[in-house]
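This report refers to the structure that appears directly beneath it.
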Amino acid sequence: EKLPEKIDSLEKLIYLDMTGCYMMDRMAKRMSWLDNSEVLKGFVVSDATDDEKVCLLAELKHLKKLRKLSITIKCSTRIGKWKILYSRTKKA
């Protein structure tokens, strides 16, 4: 399973829940262009190496309206290699 590469055409998308998409192994690069996103559930952090087609967690930092983000970690290598360097807090 994968999201369409041109997901950014859904400019008004506010809420996206991918928590039940267990076969999804990466996020489309243009996911970070969804400027109206407020909720992204099940964002997949993976060890995919194609940086031109994969949205990285750090690329979501400019989504100013984002208030809820949940992640799923998928990798084919040991989880110990992961360092999550991005954190975001929003004061109520």
Taking first residues from the stretch 38-62 that are without any contact (Cβ under 8 Å) to a residue 24 or more places away in the chain and second residues anywhere that are open to solvent by less than 20 Å² (accessible area, probe 1.4 Å) and not charged (D, E, K, R), the pairs with Cβ under 7 Å that are 6 or more apart or on different chains are Ala48/Val54
Can you find, within the stretch 1-53, the residue that is modelled with the lowest pLDDT among those that are closer than 17 Å to Ser70 by Cα, β-branched (Val, Ile, Thr) and open to solvent by less than 60 Å² (accessible area, probe 1.4 Å)? Val45
Can you tell me how many residues within the stretch 9-41 are touching a helix residue (DSSP H, G or I) at 6+ places or on another chain (Cβ under 7 Å) and over 15 Å from Glu52 (Cα atoms)? 1
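The values are calculated or read from the model by the stated rules, or taken from the named source; none is laboratory data. Treat the numbers as computed from the prediction; the structure is a model and nothing was measured. Glycine gets a Cβ as well: all are built from the backbone with ideal geometry, and neighbour counts include every protein chain shown. Just so you know, the surface numbers come from the protein's heavy atoms only, side chains and all, with ligands and any DNA or RNA stripped out. Shrake-Rupley method; radii C 1.70, N 1.55, O 1.52, S 1.80 Å.
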